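Report on the following structure.
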Amino acid sequence: MDEANANSPGVIDFATASRVTGGDRHFTAEVHPSWDGPLTTHGGLLQAIALNVIEAAINSDGAFQPRSITCHYLRPPTHGSVDIFVDPQRRGRRFASTRATMSQGGKPCISVLATHSNRELSEIDSWQLEAPAVAPPPSRSAEKVTPEDFIAGRQDAWIELPAEAPAFFQRMLFSARFGHGIFRGPPVEPAKGTGNGGWIMSETPHPIDAAWVAFVVDALWPSVLEPMRQPTMAPTLDLTTHFRGQIPKQGLPDQPLLVHNRTRALLGGLADSDSWVFTADGTLLAQARQLQLVAPIEV
């Protein structure tokens, strides 16, 4: 993608934004501005691209399911082409481990390690965290209302996001259920930390596949920013996602997902962020944890 096309106003859907091409161990993808995060390319989208590459390299038959992926963000790629090299470590009867590196211009951007498992693992027992008790999601066709109207009680609607919101947020439907908004939260209670979240859908219908889940765990603003009162950034240093629910190769039916984020500590300029993703019927699809740098934005 040349610079002119990379900065064009054209909008692409998530399937196109996370598409990969190539074969054997070498793949490419295009980082498009219509899915940018605040200040830079979006870490969740880059995780989804990395997962799609590993899926194409070692799981094209869909016999295995992603169980975890860890991304260490070394430097953010710019818009345009990225190269991903896949290095399979081991594939056994039950588990497969794979490394991958995303690079641009010969410089590594993301280092990735993923684990896949057989879909038919035996279970001695089964239980999961219950989904938080919140108001149900709006229908896909529900109207959009201003943040002020939403706060006033319109939880049956999606939030009309301001034009200055990050590009990827314009590709989504969001109905908040936790938190107060970036730079709008109350002072932190150390025993509770910070939190945010709500119902999320893609703006255009999209199956709930592993790549979409890998994006959604990082889709909301860091909750550590809510109580801040000065321009602050919280880029991700590393992100690990554990896929807990069964996700067919073709994905689950299009539906809203409930995302709940919590930050427990901000120490030494670094914050944790835990995320849980549930389907509308309360099934736990994924858990994630990331480490974030929290630093002032120089203005």
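Remarks
- Pairwise label distance in nanometres, residue 139 with residue 188, each label 7 Å out on the Cα-Cβ vector: 4.2 nm
- Evaluating 6.51 cos²θ - 1.76 cosθ + 1.60 at θ = phi - 60° for every residue in region 35-47, the Karplus couplings come out as 10, 5, x, x, 6, 7, 5, 8, x, x, 5, 5, 5 Hz, glycine and proline recorded as x.
- Under Karplus coefficients 6.51, -1.76 and 1.60, residue-wise ³J(HN,Hα) of region 265-278 in Hz, glycine/proline x: 8, 10, 9, x, x, 10, 10, 8, 8, 9, 10, 10, 10, 10
- Gain on full extension, evaluated as 0.36 nm per residue between residue 167 and residue 298 minus their Cα-Cα distance, stands at 45.0 nm.
- Accessible carbon and sulfur surface of region 33-89 relative to its total accessible area, %, 1.4 Å: 54 percent
- Counting only protein heavy atoms and using a 1.4 Å probe, the accessible area of residue 148 comes to about 120 Å².
- Segment residue 11-residue 90, length gained on full extension (0.36 nm per residue, minus Cα span): 24.6 nm
- The slack between residue 111 and residue 72, meaning 0.36 nm per residue of separation minus the straight C-alpha distance, is 13.5 nm.
- Surface listing: 254, 218, 61 arranged by accessible area from highest to lowest gives 61, 254, 218, probe 1.4 Å.
- The largest accessible area among 35, 276 belongs to the first residue in 276, 35, and the rest follow in falling order (1.4 Å probe, all chains).
- Accessible surface calculations at 1.4 Å, restricted to protein heavy atoms, place region 206-299 at 40 Å² per residue.
- CD proxy at 222 nm, helix term only [per DSSP H run n ≥ 4: -39500 (n - 2.57); per residue of the chain; nearest 500]: -3000 deg cm²/dmol
- Shown in residue order for region 61-73 are the 3J(HN,Hα) couplings computed by the Karplus curve 6.51 cos²θ - 1.76 cosθ + 1.60 at θ = phi - 60°: 8, x, 5, 9, 10, x, 10, 7, 9, 10, 10, 9, 8 Hz (x for Gly and Pro).
- Taking 48, 135, 210 in turn, the Gaussian network model of the chain (Cα-Cα springs below 10 Å) assigns the largest fluctuation to 135.
- Among 194, 41, 146: highest mean-square fluctuation, GNM of the chain, C-alpha pairs under 10 Å: 146
- For residue 283, the accessible surface of its heavy atoms amounts to roughly 50 Å² (probe 1.4 Å, protein chains only, rounded to the nearest 10).
- For region 245-269 versus region 100-120, the gap between their alpha-carbon centres in whole angstrom: 19 Å
- Relative contact order for the chain, counting Cα pairs under 8 Å that sit 6 or more residues apart, in percent: 17 percent
- Over 16 Å [Cα-Cα, region 40-163], rounded percent: 71 percent
- Principal axis analysis of the Cα atoms in the chain yields extents of 53, 52, 42 Å, listed in decreasing size.
- Rough spin-label spacing in nm, given labels placed 7 Å along Cα→Cβ, for residue 118 and residue 25: 2.7 nm
- 5 angstrom amide H check on residue 286, placed H, neighbours 5+ away: 244, 245, 277
- Cα lying deepest toward the dipole's positive end in the chain, options 241, 82, 196, charges on Cβ: 241
- About its Cα centre, the dipole of region 144-298 is roughly 300 debye, where the only charges are +1 on Lys and Arg Cβ and -1 on Asp and Glu Cβ.
- When only the Cβ of Lys, Arg, Asp and Glu is charged (+1, +1, -1, -1), the dipole of region 129-176 relative to its Cα centre reaches about 180 debye.
- Among the trypsin sites (Lys or Arg not before Pro) in region 169-232, those located in a DSSP loop and surrounded by at most 13 other Cβ atoms within 10 Å of their own Cβ are 192, 229.
The values are calculated or read from the model by the stated rules, or taken from the named source; none is laboratory data. Not measured: the values here are computed from a predicted model. Because the Cβ atoms are built from the backbone with ideal geometry, glycine has one as well, and the counts that use them run over all protein chains shown. Please note that ligands, DNA and RNA were not included when accessible areas were found on the heavy atoms of the full protein model with its side chains. Shrake-Rupley method; radii C 1.70, N 1.55, O 1.52, S 1.80 Å.
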